[in-house]
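Just below is one structure, and these are the notes that go with it.
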Amino acid sequence: MKKLVASIALIAAVAGFSAGSAAAAEGHGLAADVEHAVAGGHFPVYKPVPQKWSFAGPFGKYDKAQLQRGLQVYKEVCSACHSMKLVPFRMLGELGYTEEQVKAFAAQYTVTDGPNGDGEMYERPAVPSDHFPSPFPNTAAAAAANNGAAPPDMSLLAKARGVERGFPTFIFDIFTQYQEGGPDYIYNLLTGYVEAPESFTVPEGAYFNPHFAGAATLAMAPPISDEAVEYTDGTKPTLDNYARDVSAFLMWAAEPHLEQRKQTGFMVMMFLVIFSGFLYLTKRAVYSNKEH
């Protein structure tokens, strides 16, 4: 019992340290923390603060209303720079949209197709079988329009991005099935832009963000702010909600079958538990009267 209490205390301490790191970003320790991170090449300056997600845990599920809001944020803000080339429009039906709504949504985009009978490529309105197109014709054009850094594709961003949580946290993650590192990172990045300390020089064309995993600065300007997107369901138009909703949407884009996987995993675990019980009872029945 004492070991259990000690473990719980350790978890609370780790969680408290993570939450405290965000508060430290606004305090006098920011300059020292940035200097330490730059000197050692350890980024991000502050690890992501874990958030609460509906899809967390072994029985987590996506909140479709939240995913629809996240799609709206992506379309009105993120899609101006970021592609999502691995996600077909037809998948939006899983968010609660009808077939006609999906067709209408896809038709708002233009895709390149061909060649036609004359051997030329042409443009046409997208259909549900098409994928979210890139706003740029190629990577070089994307980099040229964004301070020399091509915006990453967002199809798998929520699975590709994440910060190592280190010992002993990663041990507890095995039992809690923590897999929200990507959404946590995206949320903290979007809400983490702050003024750089006076002792740190921000390169021209860069922006300071202590939650960025690559350095203390990045080429992406703060992409969104309060009241930038008008929600239609009454949700408050705040940066916090925008960041949370689009992070959840990107998690769905990266793993749309998460709920089915968790359901299958639960049934497999139950089968293994029951099967182990039968094996034990069979062993008892076979060897109980045997001389050893």
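Out of curiosity, is V229 under 21 Å from the mean Cα position of the chain (by Cα) and assigned to a helix (DSSP H, G or I)? Walk me through how you get there before you give the answer.
Values: under 21 Å from the mean Cα position of the chain (by Cα): yes; assigned to a helix (DSSP H, G or I): no.
In short, no.
Considering (1) surrounded by 17 or more Cβ atoms within 10 Å (Cβ to Cβ); (2) in contact (Cβ under 8 Å) with a residue 24 or more places away in the chain; (3) more than 16 Å from F249 (Cα to Cα), say which one L95 fails and leave the rest.
For L95, the exception is condition (3).
Give the residue, chosen from P125, P151, P168, that is surrounded by fewer than 17 Cβ atoms within 10 Å (Cβ to Cβ), within 30 Å of V45 (Cβ to Cβ) and in contact with a helix residue (DSSP H, G or I) (Cβ under 8 Å, 6 or more places away or on another chain).
Residue meeting the stated conditions: P168.
Every residue, every condition in (1) charged (D, E, K, R); (2) touching an Asp or Glu at 6+ places or on another chain (Cβ under 6 Å); (3) farther than 29 Å from A221 by Cα, yes or no:
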| position | (1), (2), (3) |
| --- | --- |
| E123 | yes, no, yes |
| P128 | no, no, yes |
| L157 | no, no, no |
| I171 | no, no, yes |
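Which of (1) assigned to a loop (DSSP other than H, G, I, E, B); (2) within 21 Å of the chain's Cα centre (by Cα); (3) within 24 Å of I224 (Cα to Cα) does P58 not meet, given it meets every other one?
Only one criterion is unmet by P58, namely (3).
Of everything in region 150-183 that's part of a helix (DSSP H, G or I) and touching a Gly at 6+ places or on another chain (Cβ under 8 Å), which residue is farthest from A213 (Cα to Cα)?
So the residue we want is T176.
Any idea which of (1) among the aromatic types (F, W, Y); (2) touching a residue at least 60 places away in the same chain (Cβ under 8 Å); (3) buried (at least 16 other Cβ atoms within 10 Å of the Cβ) is the one F132 doesn't satisfy?
(2)
Which numbered condition trips up A56, out of (1) modelled with pLDDT under 95; (2) surrounded by fewer than 16 Cβ atoms within 10 Å (Cβ to Cβ)?
Failing condition for A56: (2).
Being in contact with a helix residue (DSSP H, G or I) (Cβ under 8 Å, 6 or more places away or on another chain), closer than 30 Å to E204 by Cα, of a type outside the set (D, E) and surrounded by fewer than 17 Cβ atoms within 10 Å (Cβ to Cβ), is that true of even one residue in region 105-122?
Within region 105-122, not a single residue is in contact with a helix residue (DSSP H, G or I) (Cβ under 8 Å, 6 or more places away or on another chain), closer than 30 Å to E204 by Cα, of a type outside the set (D, E) and surrounded by fewer than 17 Cβ atoms within 10 Å (Cβ to Cβ).
List pairs: first in region 31-50 and touching a residue at least 24 places away in the same chain (Cβ under 8 Å), second among the acidic types (D, E), Cβ under 8 Å, 6+ apart or cross-chain?
These pairs meet every condition: A31/E198; V45/D33; Y46/D33; P48/D184; V49/D184; P50/E180; P50/D184.
Free of Cβ contacts under 8 Å to residues at least 12 places away in the same chain, among the hydroxyl-bearing types (S, T, Y) and either in contact with a Cys (Cβ under 8 Å, 6 or more places away or on another chain) or assigned to a helix (DSSP H, G or I) (or both), is that true of T282? Please lay out each step first, then the result.
Working: free of Cβ contacts under 8 Å to residues at least 12 places away in the same chain: yes; among the hydroxyl-bearing types (S, T, Y): yes; either in contact with a Cys (Cβ under 8 Å, 6 or more places away or on another chain) or assigned to a helix (DSSP H, G or I) (or both): yes.
Judged against the criteria, T282 is a match.
Among the residues of region 248-271, how many are free of Cβ contacts under 8 Å to residues at least 12 places away in the same chain and not in a helix (DSSP H, G or I)?
1
Examine region 82-89 for a residue that is modelled with pLDDT under 95, among the aromatic types (F, W, Y) and farther than 17 Å from A158 by Cβ, and state whether such a residue exists.
No - not one qualifying residue is present in region 82-89.
Just checking, does region 268-289 include any residue being within 26 Å of the chain's Cα centre (by Cα) and either modelled with pLDDT under 90 or more than 21 Å from S83 (Cα to Cα) (or both)?
no
Going residue by residue through region 75-84, is there one that turns out to be buried (at least 17 other Cβ atoms within 10 Å of the Cβ), over 30 Å from F175 (Cβ atoms) and in contact with a strand residue (DSSP E or B) (Cβ under 6 Å, 6 or more places away or on another chain)?
yes
Only one residue in D245, D240, D184 is of a type in the set (D, E, K, R), touching a residue at least 60 places away in the same chain (Cβ under 8 Å) and more than 27 Å from G41 (Cα to Cα), so which one is that?
On the way: D240 fails: touching a residue at least 60 places away in the same chain (Cβ under 8 Å); D184 fails: more than 27 Å from G41 (Cα to Cα).
After applying the criteria, what remains is D245.
The values are calculated or read from the model by the stated rules, or taken from the named source; none is laboratory data. Since the structure is predicted, the reported quantities are computational estimates derived from the model, not experimental observations. So basically every Cβ, Gly included, is an ideal-geometry build from the backbone, and we count neighbours across all protein chains shown.
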